[in-house]
Amino acid sequence: MNANDVAQFLKANPQFFDQNPQLLESIYVPHPHGGRAIPLTERQIVSLREKVKALEAKLGEFVRFGEDNDAIGEKVHRLSLALLGARDFAATAHALYFHLREDFAVPHVALRIWGKSLPGGSDTGTPEGAPVGPELQDKAATMGAPQCGPAAGSPFLPWFREAGEHIRSLALVPLGQTRTMGLLALGSEDPQRFFPEMGTLYLRRIGELTAGALAARV
């Protein structure tokens, strides 16, 4: 009989230790964190304590995630109120930049709108109305959802002008529901701030709010 046979026997006979309780005190096994031998019952207690610690750690992680999501949700709510209260395009853009910088700690933001007539005309030098080539417009239109990743090589990096050389990661948020009307680009010097595997639910929400606010004012 080998170890596998013993394991199979115990699985097939769960009442074995009920019928032979003296064995629980007489069988000694190595302590998981030391060389000394301990009774099987004590080993079970140690195992249960470790499982409880692991569950507590996982619960704590869930609580932290919940708290983080609550905090982000509150920030999105404040941004929503600011965009709703903006009287015109300039105030809308200002509210967007302010909340992204102060609430979400995004140091660099670039916004481009196309297919719309921005207040003041195209000769005012408004950066949001700067010309965007058909290739970049098509690229934004085919994203379908926010995209995050390294900034190196991105065709949208020049939108940040002189700050572009310091940006290491980007989040690109297409604006518009049925038709893309622009793109919101967020940049960071931290290479891990915006990474490909990160969740984009709140970026999508911010994009929807921004597109709705801008569409009503341009």
So R64, is it within 21 Å of the chain's Cα centre (by Cα), closer than 20 Å to L214 by Cβ and assigned to a helix (DSSP H, G or I) = no
Since A213 meets every condition but one in (1) within 30 Å of F65 (Cβ to Cβ); (2) more than 23 Å from the chain's Cα centre (by Cα); (3) without any contact (Cβ under 8 Å) to a residue 40 or more places away in the chain, which condition does it not meet?
-> (3)
Quick check: is even one residue across the stretch 191-212 in contact with a helix residue (DSSP H, G or I) (Cβ under 9 Å, 6 or more places away or on another chain) and more than 28 Å from L84 (Cβ to Cβ)?
-> no
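This table checks each residue for (1) over 24 Å from the mean Cα position of the chain (by Cα); (2) over 30 Å from P131 (Cβ atoms); (3) outside any loop (DSSP other than H, G, I, E, B); (4) of a type in the set (F, W, Y).
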residue: I72; (1), (2), (3), (4): no, yes, yes, no
residue: K75; (1), (2), (3), (4): no, yes, yes, no
residue: L79; (1), (2), (3), (4): no, no, yes, no
residue: A82; (1), (2), (3), (4): no, no, yes, no
residue: T92; (1), (2), (3), (4): yes, no, yes, no
residue: L96; (1), (2), (3), (4): no, no, yes, no
residue: H99; (1), (2), (3), (4): no, no, yes, no
residue: V109; (1), (2), (3), (4): no, no, yes, no
residue: R112; (1), (2), (3), (4): no, no, yes, no
Restricting the stretch 137-161 to residues that are part of a helix (DSSP H, G or I) and in contact (Cβ under 8 Å) with a residue 40 or more places away in the chain, which is farthest from G182 (Cα to Cα)?
-> F160
For the stretch 76-105, which residues satisfy the criterion of being among the charged types (D, E, K, R) and either over 21 Å from A171 (Cα atoms) or open to solvent by less than 60 Å² (accessible area, probe 1.4 Å) (or both)?
-> R87, D88, D103
Does G164 satisfy the criteria of being of a type outside the set (S, T, N, Q), outside any loop (DSSP other than H, G, I, E, B) and surrounded by 19 or more Cβ atoms within 10 Å (Cβ to Cβ)?
-> no
E128 fails exactly one of (1) assigned to a helix (DSSP H, G or I); (2) open to solvent by less than 20 Å² (accessible area, probe 1.4 Å); (3) modelled with pLDDT of 95 or more, namely (3)
Which numbered condition P196 misses (of (1) under 24 Å from A163 (Cα atoms); (2) open to solvent by less than 40 Å² (accessible area, probe 1.4 Å)) | (2)
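The values are calculated or read from the model by the stated rules, or taken from the named source; none is laboratory data. The shown structure was predicted, so the numbers you read here are calculated from the model rather than taken from an experiment. A quick note on method: Cβ atoms are made from the backbone with ideal geometry, for glycine too, and the neighbour counts reach across all protein chains shown. Accessible surface areas use protein heavy atoms only, side chains included; no ligands, DNA or RNA. Shrake-Rupley method; radii C 1.70, N 1.55, O 1.52, S 1.80 Å.
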